[in-house]
1. As a footprinting exposure proxy, order SER850, SER927 by other Cβ within 10 Å, with the fewest listed first.
2. So how strong a dipole does the chain carry about its Cα centre when Lys and Arg Cβ are +1 and Asp and Glu Cβ are -1, to the nearest 20 debye?
3. Report for the chain the percent antiparallel among DSSP-assigned beta bridges with both residues inside it, nearest 5.
4. Under the rule of at least 5 residues apart or a separate chain, name every residue whose amide H is placed under 5 Å from the amide H of MET302.
5. On a full-extension model of 0.36 nm per residue, what is the gain between SER457 and VAL390, subtracting their alpha-carbon distance, rounded to one decimal in nm?
6. Each residue of the stretch 3-16 in order: what ³J(HN,Hα) in whole Hz does its phi give by Karplus 6.51 cos²θ - 1.76 cosθ + 1.60, θ = phi - 60°, with x for Gly and Pro?
7. What is the helix-to-structure angle for 587-599, meaning the angle in degrees between its Cα long axis and the longest Cα principal axis of the chain, kept from 0 to 90 and rounded to the nearest 10?
8. Loop-only check: which trypsin sites (Lys or Arg not before Pro) in the stretch 527-568 are DSSP coil with at most 16 other Cβ within 10 angstrom?
Amino acid sequence: MNFDVLKENFTGEIKTDELYQSMYATDASVYQKHPLAVAIPQTKEDLKLLISFASKHNTSLIPRAAGTSLAGQCVGSGIVVDLGQNFTEILRVDKKQKTVILQPGVIRDELNLTLKPYDLFFGPNTSTSNRCMIGGMVGNNSSGTTSIQYGTTRDKTLSLKCILSDSEEVHFKTLSQEEFKNKAKLKTKEGEIYSFFWDLVNDPELIKSIRRSYPKRSIHRRNTGYALDDIVQQYHENQTINLSRFICGSEGTLSLITEIELQLDDLPPKHSALIAAHFDSVSATLSAVKTTMKHNLYACEMMDDTILDCTKDHLKYKDYRFFIKAIPKAILLLELKAYSKKNLEQQINTLKADLTQQTACYAQPVLRGNNIQKAFTLRKAGLGLLGGIVGDDKAVACIEDTAVDIEDLESYISDFAELMKNYNQQPVYYAHAGAGELHLRPILNLKTQKGVNDFVSITHDVALLVKQYDGSLSGEHGDGIVRSNFIKLMLGKTCYELLKQVKTIFDPSQIFNPGKIINPYPVNKNFRYVTDREEPKIDSFLNFSNEKDLLRATENCNGSGDCRKTQLSTGSMCPSYHATRQEKDTTRARANALRQYLTSPKLLSDRAVKEVFDLCISCKACKRECPSNVDAASFKAEWTFQYYKTHKRPLRDFMIGFNDTINKKLLPIASLYNYVVQHKFLSQPIKTLLGFHQNRSLPKLTQQTLFKYLKSNSGKLIPKNSKIKTVYLFVDEFTNRLESEIGQDAIELLTQLGYEVKTLPNKASGRAQISKGFLKQAKALAEYNVKLFKDVISKNSPLIGIEPSAILSFRDDYLRLTDDTKATKKLSKNVFLIDEFLSHEIQKEHIKPSQFTDEFCEVKLHVHCHQKALSNSKYTFDTINIVKNAKVSIIPSGCCGMAGGFGYEKEHYNISMKIGELILLPAVRKSAFKTYIIANGSSCRHQIKDGTSRQVLHPVSFLKTMLKNKKNS
């Protein structure tokens, strides 16, 4: 199909290349279809051009926001319309009326950040709220954890501005009976639509059929088919009609939405508590729901033991298990809120008494403050955590969205469990117990025909069961591909024919998102995986055995899109996406592209995969923050290694990858070298030759390496007083030849605090080689260093390091590089970043505040990405706080943007600085001149200095400065 004519007048972008087709072929469902193109419109006129083009060329438009739909709503073979990049404005907030008008690409949590100064918020709260967009929430009629108090998106939708299939612009809002009647007389597409609904609400037989066929009115989560029941209820209870409520939940199949008006609520009461009620069985948990819902809960969420087990070894979520007592089969998270502390305590006591007297709850810890959010974060991670199950059996979404009356929930789940025994299934249970909706997931292998057959049969059988309870097959996730095939079964022939009429009236040419709700795509086709295919044998240099192999590691990405959260959310993932807001710069895109390349190399070229990894800065944030543990940094290292087996490497890669070897050769002329690289004009040809950006400063070489310093001062570095313990210092390549003064500060600090510092002749960490894909050389270094230290290092004589990216390689990259992973793992348990080590010693009171000055100072702290990902910022924060009167605050930044060699490269310099400018560099500039700026990463200090001209200290240098006795021991 020729898109040239469309591109002529299109102000946005039209992407027809293989990379974009692969990235937009999936969402968070099990389905995959490559679209013809991806359109990124900028204006309403662009949308009209797309409608006209699709109509003329007999193709379709698939609206997409964040692409986190679980049922395949965003999957199709037409043109994907990405409304999440440019339609992102909040147009008006009316505090008096408590309303907001916005575009569909506004992120839910960012909307609430904007609304907070108005003391207002938007209530519906999905687990994806830090990246899902309001347009997607309208399309799906999303609800989330708060629906028991604040309802669904439909309940909050006041009006929508839409473009219909003939490009007519309409404004759907509340109409009186008279206005409704007059609209039905219009000789336009809008009039035709209103005429259909006028006839519908005045037909007693159809009304009776709708009321009989749709779910019980008591079920407020109801997304099966189009909301004909809501239209009938509106008209006959209020004598009004608002088609915006009808469009809500239509999954982009009826129009394109350009503006949304929402009803807002006052901010919730400020005092809150969370009771985590523990149970020994799922049935006991569900039996307790009715009791708990008699209380004024703001959330009633369930997690079963499968979800909890997935968190045990997760880098991030293992720290959020602090409230779990013994080994529960399930936990109910019960949130209470009040306007006074006294009232909150009364609510807590009453609920706890009921739990004790009326349920089988065996533990009920009360969480407060930040711990509430941590528990909910654990619950919200459910979808992603399930994606991390190792192997081809996965907890799949097909029956995960059923909703029944809360009075029926216990018996429904009992019948459901019996049904699952027919398939030898022990499904996963989690989510919205208080709303009568649990996310139920069978564990199936969709790479096999049996798995596919069970997928279809289970969905069919559960649909029949839900119908017996007058429930909804879709409560909040929508019909999409996976459930649309069962709508006729759920609603009956008469109502299904009405749905078909609705689609024909709105969209006679089937332009908008075909294959969903009406005339659905087959439920058993177009999976991400080819059924019963012999799995390709993928050889990798890095060890992916924990994930089974490299292919399975990429398949862990289930599309939940946690990597699409922005810098306004917590965490560092994903820095390049924060800066560009483009799908190709997400962890999800990288995993999906590599997965498709490995399984279908004809669909994706080397160039395309190289492009998707181009802005991956190997920060490791995804390894921690992605619930499925997708490790894009390792993917990039492996890909780069394999790619350059058959492609010529640029000179710059060698200069960066082997910088330590080069620096060693330059040391005899360090003074001359330093003069040249610091000279504005003399350094220019060097930067040009290497492909470095002219605005990036080059590092100076130290005059004395740290190893040389140690050799010449060996007799002086002995603790003056009694020795606490011996530590071994890993002399990394950055500290040794570029910043040896920091190494000296570390050694002198440790010595004065009572620690004997020893070293062994270790080699470079291999950090630069790993980043540039020189994996053979990195392996040799890793093997040498592990062999050197494995028999020396112990709990009493740990190995500590100064540069996070170097020392933490022992706990991460070395496990993928070395042959003897058992020895590496054993060694890694006693390897610490110096910040970690000092924090542990402070906790043991081996280091005391009395050893440091009482001088008041203000400190702004930025922590290296690898520490955030593989350790914790808290260690550095706690260590600096040993200085009694230090006012320490962590800059809430993600990555600094430098990322080793990345920030030098001329084509990456601007994006490097853009990442830095998101939070870090402005925060440094705003700080007072006397404020200490501390960063423990070499690249971080370089970036801050280049971006702000401020002096930056390593934590050990700061602590040495603050010692009461600054003399060398």
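1. In order of increasing Cβ crowding within 10 Å: SER850, SER927.
2. Once rounded to the nearest 20, the dipole reads 3520 debye.
3. 65
4. So MET302 has HN proximity to LEU333, ALA431, HIS432, ALA433.
5. 21.7 nm
6. My calculation for the stretch 3-16 gives 9, 4, 5, 4, 5, 4, 10, 7, 7, x, 10, 10, 10, 10 Hz in order.
7. 80
8. Listed in order of number, the matching sites are ARG533, LYS537, LYS548.
Taken together, the values in this text are just the output of simple stated rules run on the coordinates, not laboratory data. The structure displayed is predicted, hence computed values, not measured ones. Please note: Cβ atoms are built from the backbone with ideal geometry, for glycine as well, and neighbour counts cover all protein chains shown.
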